[in-house]
Amino acid sequence: MKKIFPADFADLLTPKGRRILEGKDREVTGALLDPERPFVALQGVIDARRAAACRDALDDALRDTLVPMEDPIPHDSISGMTMNYMELLPKTVRNRTALLENRRSRSYRAAEAVGLTDMMRSDSFAGFAAAVTGRALRRRWGIQVLCYSPGDYSGPHNDHHPEEPEARDGYVDMHVSLTMPGVDHQYLVYAKDGHFTEMTRVSTVGGITVYRLPFWHYTTPLLAKKGAEDTSRRWVLLGTFLDAAPGARAGSTVLPAGAPGGRPPAREATFGSGGGAGRR
């Protein structure tokens, strides 16, 4: 099988994307140092034709290797209530996924065959996330693939990990969306001033979203175009990055290029291989 994905993430980028990677875009460089800005959604940063070719190769190679990720509404979420207006809804989700940590798995071998694992492990993949967040990130990061089909979604959640010392003060996710032609739309809805009032389209081909978690958000059910349900999938390449420890060795850290105030925060990161992946 031919390796369609480049070995270096930077080779997918447009001139605009390279400026961001190099820390030369004033609007995006270090944007997530602002505590009031939980994420950045970027368009025009990945070459559209290459993104489409990568998407098609990914769909051919991994579609039959994915495992379901499904947490429905608890059956007693209504019958178990004993007081009016005291309902509680845990995170609900339905999609399929491939965790790219086990080299023996079918999904890992398929991803490796098309060049995906090499690209998601490239320095420029982490470097892009570091440039946008303005923070030094730990070099070991988690990688995962998600696939949304018609009706797949992720319910309201915040991605907070208070029991994990290395993640409780915040961490970074980066998504690359590779949406197939049969998709009509899918949105990310997020909270502002305590209400779910903000929304951005994520059903893109080569769009990148970079998140500083935790914050409240959800992903709407994917809607297919009429008659195109069989080709209606949104693929998401997900990297999860922990903050680097203060004074960490240069070889264990990905530094933000050109970000004002880029710095390791005051907590050491030892959270597996970036094990926050798998939430959306």
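Of the trypsin sites (Lys or Arg not before Pro) found in segment 148-229, those that fall in a DSSP loop while having at most 10 other beta-carbon atoms within 10 Å are K226. Note: relative contact order over segment 134-220, using C-alpha pairs below 8 Å and six or more positions apart, is 38 percent.
Between R104 and T82, the modelled labels are 4.7 nm apart [label points 7 Å from Cα along Cα→Cβ]. The T197 and K2 beta-carbon pair, evaluated with R₀ = 45 Å, returns a calculated FRET efficiency of approximately 0.50. Charge tally for S124 (other residues, Cβ to Cβ under 12 Å; Lys, Arg +1; Asp, Glu -1): -3. Out of every Cα-Cα pair that segment 1-133 contains, those further apart than 25 angstrom amount to 48 percent. In straight-distance terms, cross-link reach from K91 covers every one of the lysines whose alpha-carbon lies under 22 Å from its own, apart from those fewer than eight places away in the same chain; here that gives K192. For segment 1-133, the relative contact order works out to 42 percent when only alpha carbon pairs closer than 8 Å and six or more residues apart are counted. Structure remark: mean-square fluctuation, Gaussian network model of the chain, C-alpha springs under 10 Å; the largest value among I73, I143, I20 belongs to I73.
Comparing segment 89-197 with the 2.2 N^0.38 Å rule of thumb, its C-alpha radius of gyration ratio is 1.23 (two decimals).
Once the convex hull of all Cα atoms in segment 1-51 is built, its volume per residue stands at 97 Å³. Summary value for the chain: 26 percent relative contact order, contacts being C-alpha pairs under 8 angstrom separated by 6+ residues.
Dipole magnitude for the chain: about 800 debye, using +1 per Lys or Arg Cβ and -1 per Asp or Glu Cβ, origin at the Cα centre. Computed on the Cα atoms alone, the convex hull of segment 88-140 gives a volume of 148 cubic angstrom per residue.
Between R96, R26, R233, the GNM of the chain built on Cα springs shorter than 10 angstrom shows R26 fluctuating the most.
Values in this text are rule-based calculations from the coordinates and carry no lab data. These figures come from a predicted structure and were not determined experimentally. Because the Cβ atoms are built from the backbone with ideal geometry, glycine has one as well, and the counts that use them run over all protein chains shown.
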